[in-house]
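Inspection log for the structure reproduced underneath, given as structure tokens.
Please treat every number below as a calculation from the coordinates, not as lab data. From a predicted model like this one, the values you see are computed outputs, not experimental measurements. Don't worry about glycine lacking a Cβ; one is built from the backbone with ideal geometry, like all the others, and counts go over all protein chains shown.
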Amino acid sequence: MKHQVPAGQLQQLLAALVDRLDQATPADIADAMVAAAKMDQQLPAHQVQQLAHALFQLQGDATARDVANAVWAVARLASAQRSASAQRSAPAVVRRQHHTILQQQLVPAFLNKLSHAGPQSISRVLLHAGLSGARLEACVVQRLLDALVAVLGAITACDIAHALLGVAALKQRMPAGQLQQLLGALLDRLGKAKAADIAAALEAAAKMKQQSPAHQVQQLIAALVKLRNDAAVRDIANAVWAVVSMGRKVPLGQLQQLLHAVAGRQQQASLSDLGKLLWACAKSRFFPEQLLAASRLPSAFQGAHPAALVSIAWSCGFLGHADEQLMQKLLAVVAPELTVSGSTNRAFISSLPTLCWAVAMLDLQQHTQQVLQMSRACSRQWHSIAAEERRQLWQAHAWLLDFQLAVGQGLHGSLIAEQLQQCADAWRYQAQLAAKQSWGDLSSLLAAARQLPIAWQQRPQVMGALAALYTQDMAGQGGWLGIVPDIAGKTADGVLVAVLVEHPKHFRQPDFRPTGDTQYRHRALAKREYKRMSMPINEWRKLQGDQQLEQQHLLQLFEKAGVIG
């Protein structure tokens, strides 16, 4: 039975123990620290320091488990202080004192016991030192990992998951060989592994930004699929997010099985879990209809972390899911903050460009005023706006101009001219990079288009390569702004022509509808009265090299679009 000792009495008992430290064993000290930490009370820093120092002095008689338990206790106290400090109810200096105890006394004491330490103790030290926010030198982390690998035969799936999470929390990386060894050991123990162990290992590997062998990732996901009905929603969300973050793909059938398992318990999912799942689905170009069903979504998003808002908004915008109620919930979360002049919450501020972009991609014109409000908030905290977020703001600016919203001024007045220019620069860089990456296909298509029997007032051009010319005009008179047709020209009769090269990335699965940004590109070009022709890239590559077939195919496209009579 768990009892809570009043704070005053707990401090009295610890003080009595401190007075009797000459009679205490290392196990007594460690057990007392663990018991006190489990009560989740803020303890005087000097008492924690005295107990830790006493254990450090007695380390010769202590076991590795004693020291590991003390590390857990101080780490838990530091984590509690970390949370309390965030709520402005405790000074950060106390947390730093706990970190010093870990870094200068308890972890060094544990290192002296490594030759006798079991895998559970080693993984415990790694995990809880990391979760506390302490910083360990890379050489210290490496010594712990070397010791862990040396006792791999006795390790459990839980130990592996905890060790990997600890390294990730410490913001360290590990040798690729050791990561493969640990994941291999986890695969050998799948019969006793829980879904949480598998998800934690994948999440840690992703957070370390290390590439794990594809076959190991595939085996872990396959194992999670088998455990999906017993897995927590959070575990499924973390695992799917991790695989996609590593640049891997969850096979479509397995992804659908995992999403089906989540759909039955979606009301239990946190907004963070929902955001991770939606982000991973969008990155995989998969439209998760079950997750986005209105009846399964939370009734309100109040209290959501900005990162969850960004993930949900970006996913809806990218997948072309124009759900007015869902967007209204997202905007309702940020509305109160917009009234706070000069908000310095960086996570909140950096979420606003994505919301603006999503509104633009989904053409939700009824939210024009919110876009202007959010842009003004970004302008006040411009140092918090990264390059990708500036590109998103430029596209919102283009949308406002394209569809004659905001009195045809775009974000002029919401952003100052210098900020708007920086947005244009960020967008232009991406447009030029995209054109460069696909130049091989575009150059052959351009050459074929120029050979068609058409009189041109403006010969066809690869527009991404010329993006700089079309972002200098800040008012948008004749510029491309936020969209770039792959190839564009103007016939002698004044007909505007746009050729759009279609890649698989322009379509979502499983319904093969265009993605949100692809839909926006078509809408914006139609608004500008362009005749649009779509060229599937795979079809074009089959024709390349045969000029006669290239010409015939292009002529058919131009005739179908009404460019040629």
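Bridging of LYS171 to lysines at a Cα separation below 23 Å is possible for LYS207, LYS209, LYS276, once same-chain residues fewer than 8 apart are set aside.
A Förster distance of 22 Å, applied to the separation of the beta-carbon atoms of GLU324 and GLN290, puts the FRET efficiency at 0.65. Projected label points at ARG380 and LEU152, each 7 Å from Cα along the beta carbon direction, are separated by 5.5 nanometres. Measuring r between the beta carbons of GLU529 and VAL407 and using R0 = 22 Å, the FRET efficiency lands at 0.50. Take the Cα of ARG189, step 7 Å toward its Cβ, do the same at GLN49, and the gap between the two points is 3.8 nm.
Segment ALA492..GLN437, full-extension length gain: 16.7 nm, with 0.36 nm per residue of separation and the alpha-carbon distance subtracted. Distance between the pseudo-spin-label points of GLN57 and LYS505 (7 Å out from Cα toward the beta carbon): 6.4 nm.
Rounded to the nearest 20, the Cβ-based charge dipole of the chain about its Cα centre (Lys and Arg +1, Asp and Glu -1) stands at 100 debye. How far is the Cα center of region 179-235 from the Cα center of region 508-541, in Å? Each part's Cα centre sits 38 Å from the other's.
Available extension along the chain between GLU137 and GLU418 is 97.0 nm, counting 0.36 nm per residue and deducting the alpha carbon span. Amide H contacts of LEU500 (H built 1.01 Å from N, in plane; Pro and chain starts excluded): MET533, SER534, MET535 sit under 5 Å, all sequence-distant by 5 or more or on other chains.
Rounded to the nearest 0.05, what FRET efficiency do LEU452 and ASN345 have when you use their Cβ-Cβ distance and R0 = 60 Å? Mind showing how you got there, number by number?
Details: r = 55 Å, r/R0 = 0.91.
Result of the calculation: an efficiency of 0.65.
Under the combined filter of DSSP loop state and at most 12 neighbouring Cβ atoms within 10 Å, region 488-555 retains these GluC sites (Glu not before Pro): GLU529.
Give the order of HIS260, HIS215 when sorted by the count of other beta carbons within 10 angstrom, beginning with the fewest. Could you put the intermediate results ahead of the total?
Working: HIS260 12, HIS215 9.
Result, fewest neighbours first: HIS215, HIS260.
How would LYS171, LYS194 line up from fewest to most surrounding beta-carbon atoms within 10 angstrom? Write down the numbers at each step before the final one.
Numbers: LYS171 13, LYS194 16.
Result, fewest neighbours first: LYS171, LYS194.
Here the convex hull built on the C-alpha positions of region 403-464 has a volume of 121 cubic angstrom per residue.
The amide H of GLN509, built 1.01 Å from its N in the peptide plane, has PHE286, PHE287 as neighbours under 5 Å, considering only residues 5 or more places off or on other chains. Here the ratio of the Cα radius of gyration of region 1-154 to 2.2 N^0.38 Å is 1.02.
Please label the shape of region 317-429 as rounded, prolate or oblate, based on the square roots a ≥ b ≥ c of the eigenvalues of the alpha-carbon gyration tensor (a/c under 1.5 means rounded; beyond that, a/b larger than b/c means prolate, else oblate). Before the final figure, lay out the partial values.
Details: a/c = 1.41, a/b = 1.07, b/c = 1.32.
Note, shape of region 317-429 comes out rounded.
Expressed to the nearest 5 percent, the antiparallel share of DSSP beta bridges inside the chain is 50 percent. Reported value for region 212-344: 110 Å³ per residue, from the convex hull of its C-alpha atoms.
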